[in-house]
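Novice: Here's a structure for you.
Computed from the coordinates by the stated procedures, all read-outs in this text should not be read as laboratory data. These numbers were taken from a predicted model, which means no experiment stands behind them. Note that each Cβ is placed from the backbone with ideal geometry, even for glycine, and that neighbours are counted across all protein chains shown.
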Amino acid sequence: MPKRKRIQHEHTEDWQTIQQYTLWPEQTAYELLRPIVLYGDPAGKRAQETGAAESTLDRKADTFDEQGMVSLFASKPRKQPQETARNLPPDMRQLIVDLRVELPTMSLREIAEICAVRFDRQPSHHTVQLVLASGPPPSITARRYQTWEQIADPAERRLAVVRLHAEGWSVSSIAEYLDTSRPTIYATLKRWVAEGVRGLEDKSHARKAPRVVTLEIANEIRKKQENPLIGEWRMHAALLQMGIKASPRTCGRIMAKHRALYGWEKPKSSDKSKKEMPFKASRRHEFWSIDVRYIEHHQLPGVKGPVYVISILENFSRMLLASIMSEKQDTAAYLRVFAIALRNYGAPEAIVTDGGGIFYSLRALAIYDALDIRKERIDPGRPWQNYIEAHFGIMRRIGDYYLNQATSWDEIKEAHRKFVRDYNIQVHFAHRERKDNRHSVTRRIALPQRQWNPSRRRRQSYPSKNRDHLIGFTPSSLTV
């Protein structure tokens, strides 16, 4: 005889006994209504037998007549029994207590999330709080991992981060626990995701790209450092002129090593604030700046006083249009260099000088008037208003060393010609950020020259008591 699947009970109408036999709430609800809907018993009689409210039985019986068995099932799912601290697994309760011991500042919600990772069941933060208040004693007495600095092996450091993160620890908690920064934890996790186990070990910091500066380039820098005033930018420009690409910072590092090795002194830099220039040009040949510079520490035999450099600078491009070495700073020498600039580039709109007498001589004023050149003068005591003063500073750093070593006029003129050529060809600091690859002064001035036009209306001439020397003057009468 086959074994019974269900326990056999005695037939009864006792409501208390029936309640013990039912397995599901829907089954209990039907047994409560069965005498009413099956036998037609009044609801009041059934209410006395079961203790239920008569109105409730009437309403449920009417709903059963309309909907049938569906009315016995609840429209919303039954609520699960409320979770309490006592119905958590012992292992979870122990983990909650141990986490608080490991990191006392860990939040209740983070502890709950770690429990979810470990047991696939997340308690509420209120339950975590109850467990911490009434839970078991801690099972750990020491840290599982030392701090970041105390772990000697770099791979073990990163492995500790990966393990804690896999357990559900947040980045902030890991950083606090290991006493390191959050960017370090983020970088470790990114390496783990990208490289896996290979990302645990330290990487070599050795240079992978070929070195920019070879021994030959370093030797060229050393040779040019015989000029003690040359800086990193001018060294960069000089190397670039030779076809060697080395950034100013790279040149500065190599130069610093040479100074430390050979005991050379570093040139002093002047930290002066940038001032607004009154003669800043907005187009080519709008302003020419002219001045005379003294070369006092020369070694020319037979010359007791200084020799002079008379130069003309184009303000827009900063190009050196003409420059000569002269034993004198007289009108003839000035007009000679002025004639060179006029023949090569035409006449400017205006020239800028100081109050030197050679710039206001009768012959010079006549030339300005004939070529319709406006004469501008810087304010007394403010030489910085003349652009050529900045050029003379460059000349002092990269040209004076060779000018002062010349022992004959041929040598000093050759050194001066080399300076003019290098200055105009090398990249200029003022044009370093241009995007059109015009970094040298010669590439910015490549436009048609402003030629003298004799039919142009002549402006009011400078006052002069005697103008007989102007008769028969033309630009072609200028002699070099």
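Novice: Go through region 327-343 residue by residue and turn each phi into a ³J(HN,Hα) via Karplus (6.51, -1.76, 1.60, θ = phi - 60°); whole Hz please, and just put x for glycine and proline.
Specialist: 7, 10, 10, 9, 5, 4, 5, 5, 5, 5, 6, 5, 5, 4, 5, 5, 5
Novice: Return the aspartates and glutamates within reach of LYS268: Cα separation strictly under 13 angstrom, same-chain partners fewer than 8 residues apart disregarded; answer none if there are no such residues.
Specialist: Cα-Cα hits under 13 Å: GLU232.
Novice: Sticking with this structure for a sec: What spacing in nm lies between the two simple spin-label points modelled at LYS275 and GLU176, each 7 Å away from Cα in the Cβ direction?
Specialist: For LYS275 paired with GLU176, the spin-label model returns 5.8 nm.
Novice: Starting from the amide H of ALA322, placed 1.01 Å from N in the peptide plane, find each other amide H under 5 Å away whose residue is 5 or more places distant or on another chain.
Specialist: When sequence neighbours closer than 5 places are left aside, the close amide H contacts are ILE312.
Novice: First check a/c for region 85-134, with a ≥ b ≥ c the square roots of the eigenvalues of its C-alpha gyration tensor; if it is under 1.5, answer rounded, and if not, answer prolate when a/b is larger than b/c or oblate otherwise.
Specialist: Rounded.
Novice: Say the dipole of region 287-444 comes from +1 at the beta carbon of Lys and Arg and -1 at that of Asp and Glu; which of ALA347, GLN329, PRO380 then lies farthest toward its positive end?
Specialist: Result: ALA347.
Novice: Can you grab the distance from the C-alpha centre of region 309-360 to the C-alpha centre of region 160-212, Å, no decimals?
Specialist: Answer, in whole Å: 65.
Novice: Treat every Asp and Glu Cβ in region 85-134 as -1 and every Lys and Arg Cβ as +1, leave all other atoms uncharged, and give the resulting dipole magnitude about the Cα centre to the nearest 20 debye.
Specialist: Magnitude of the dipole: close to 180 debye.
Novice: Here's a follow-up. If contacts are Cα pairs under 8 angstrom and at least 6 residues apart, what is the relative contact order of region 154-199 in percent?
Specialist: The value is 33 percent.
Novice: So who's got an amide H within less than 5 Å of the one on VAL307, skipping anything under 5 residues away but keeping other chains? H placed 1.01 Å off N, in plane.
Specialist: So VAL307 has HN proximity to ILE295.
Novice: Which number gives the lysine pairs in region 287-444 that have C-alpha atoms under 30 Å apart and are eight or more places apart or on different chains?
Specialist: For region 287-444, qualifying lysine pairs total 8.
Novice: At R0 = 60 Å, how high is the FRET efficiency between TRP15 and ALA152 if r is their beta carbon distance? Nearest 0.05 is fine.
Specialist: That pair, TRP15 with ALA152, gives E of 0.20.
Novice: Next question. Does region 15-72 come out rounded, prolate or oblate, given a ≥ b ≥ c as the square roots of the eigenvalues of its C-alpha gyration tensor, rounded meaning a/c under 1.5 and, failing that, prolate meaning a/b above b/c?
Specialist: oblate
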